[in-house]
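Here is the structure we will look at, set down as structure tokens.
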Amino acid sequence: MRTYYLRSFGCQMNAHDAERICALLEGRGLERVGAPDGADVLVYNTCTVRKSADDRLAGHLGTAARLKREDPGRIVLVTGCLPQAEQHDFFRRFPFVDGAVGPQNLHHLGDLLDAAVEPADAAVKSADSAGNKASALPAVRGYFEDGAAMSGELAARRERPFQSWVQIMSGCTNFCSYCIVPYVRGPERSRRLADLLAEVHRLVGEGVREVTLLGQNVNAYGLDLTSRAAAGEPPSPSADGPPFPALLRALDAVEGLERVRFMTSHPKDLSDELVAAIAESPRVCEHVHLPAQAGSDRILAAMRRGYTADWFLGRVRALREAVPEVSITTDLIAGFPGESEEEFAQTLALVEAAAFDAAYTFVYSPRLGTAAADLPGQLPAEVKRERVERLIAATQRLALKSHRAWVGRRAEVLVEGASRDGSLLRGRSRQNVTVNLSGPAEAGAIVEVEVTAATSTTLRGTVATATSRR
């Protein structure tokens, strides 16, 4: 085995896990290539939050099956949420796949690679009740245990030397009725504060300027550390596992760290203490991703979100009052089962009232095993499509208004590299807006940019001055 190809789908946690996959394979001497045809090992890091992700993967695995037929020695491995959701049924759908691991078992990827390289050493013989011998089968083709191991504890091959993902927790225990994440990522588990601080100090020593804290429910960090041993009792802060606001304050004190980001937050865990920590911590960026999902209280209850529309808007107001420069982005679902036109109009009203700076909009996608998949009133695809188009129009209009307010002002930008067409540089503001810029700067620099133009998704400007931090 000399080369590998990796295709990763889905969320930021999958991008984080992809860096661990690269480190594992390159630690075994494999070199990454940009196309599957030239690779000895094909790895697909999957998402199953929506059916569209499943459909995209099926197309890529069709290519993998063809390449496997052309060269049976080529190895196909699949990681992430899709094989975790299907487990052994996954191999019946895709019998050419040599091995698969769920997101809690990424550390076993090397074991599957070894078994695939030398299948004779990993074969077992079995016999049926009549004593007839069955053909040899791999001893292990998949690892799907719900264990405490986290991919954040593995070595990473970072995309950029000055930025790093930091997994602070895994899993979710909210069980929103439309969401498969608790079933494939397991319950909430937080990493110890001392381990996180040691990791961030090490990263800063390696030249990292910005860290992004990751978790499926990132602002619930630390609550499980104090509640595991006392089930049913209200969780409280402790020395080895503070809640999320205390973690932000601890990271804000790390010398040499320039920026701290985090995602994704659940609105019900956006406490006054967290709002204050964002406002009072200079290194914490002014951006909060706060998924609303809907604006109808009945739909929110059916989604099991744990808040009302008015309560959500109250949290938005609290954020904007405490952090005047904050950018608030969101997720929205159109066409949840039973959603009436009036209830969808309430979502549009919430969007207008919140004045989101950006939004990810989705049509409802039933996921097998979730409560909403069996709800009555599943809406036709054309109704969901028409509603999401209206959502997109509303959110893009508001995002354009928000971004135009930056024209004529200066934004602090961490330069990440060249723009897509290569004619400019590209970076991100503290508000997590993509900025295309011209002027003297290099990747990894933090610069002040004079904003001259805006679209619904980006800003454009010219470097004014370089700065080390705000």
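The values are calculated or read from the model by the stated rules, or taken from the named source; none is laboratory data. If you're wondering where the values come from, they're calculated on a predicted model, not measured in any experiment. All Cβ positions, glycine included, derive from the backbone under ideal geometry; neighbour counts span all protein chains shown.
Could you tell me which of the residues 263, 303 is in contact with a Phe, Trp or Tyr (Cβ under 8 Å, 6 or more places away or on another chain) and of a type outside the set (Phe, Trp, Tyr)? Before you say what the answer is, go through the steps one by one.
On the way: 263 fails: in contact with a Phe, Trp or Tyr (Cβ under 8 Å, 6 or more places away or on another chain).
Within the list 263, 303, the selection yields 303.
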**Asked** If you check residue 345 against the conditions, is it within 19 Å of residue 294 (Cβ to Cβ), outside any strand (DSSP E or B), small (Gly, Ala, Ser) and free of Cβ contacts under 8 Å to residues at least 60 places away in the same chain?
**Response** yes
**Asked** Of all the residues that make up region 242-258, how many are part of a loop (DSSP other than H, G, I, E, B) and in contact with a strand residue (DSSP E or B) (Cβ under 9 Å, 6 or more places away or on another chain)?
**Response** 3
**Request:** Within region 292-318, count every residue that is in contact (Cβ under 8 Å) with a residue 24 or more places away in the chain, buried (at least 20 other Cβ atoms within 10 Å of the Cβ) and on the phi < 0 side of the Ramachandran plot.
**Result:** 12
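Listed residues 329, 370; which is in contact with a His (Cβ under 6 Å, 6 or more places away or on another chain) and closer than 29 Å to residue 184 by Cα?
Checking each option against the conditions leaves just 329.
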**Residue within region 221-232 that is at pLDDT 95 or above and acidic (Asp, Glu) present** = no
**Asked** Restricting region 321-333 to residues that are in a strand (DSSP E or B) and β-branched (Val, Ile, Thr), which is surrounded by the most Cβ atoms within 10 Å (Cβ to Cβ)?
**Response** 333
**Complete:** When region 45-63 is checked residue by residue, the ones that are modelled with pLDDT of 85 or more and of a type in the set (Val, Ile, Thr) are 46, 48, 63
**Request:** Could you tell me which numbered condition residue 336 fails, if it satisfies all but one of (1) surrounded by fewer than 23 Cβ atoms within 10 Å (Cβ to Cβ); (2) in contact with a helix residue (DSSP H, G or I) (Cβ under 9 Å, 6 or more places away or on another chain); (3) part of a loop (DSSP other than H, G, I, E, B)?
**Result:** (1)
**Prompt:** Hey, which of the strands (runs of 3 or more DSSP E) in region 363-470, taking only ones fully inside, have at least 1 residues that are at pLDDT 95 or above, over 27 Å from the mean Cα position of the chain (by Cα) and surrounded by 19 or more Cβ atoms within 10 Å (Cβ to Cβ)?
**Reply:** 446-454, 458-466
**Asked** Which ones in region 70-107 are part of a helix (DSSP H, G or I), touching a residue at least 24 places away in the same chain (Cβ under 8 Å) and either surrounded by fewer than 20 Cβ atoms within 10 Å (Cβ to Cβ) or of a type in the set (Val, Ile, Thr) (or both)?
**Response** 88, 91, 107
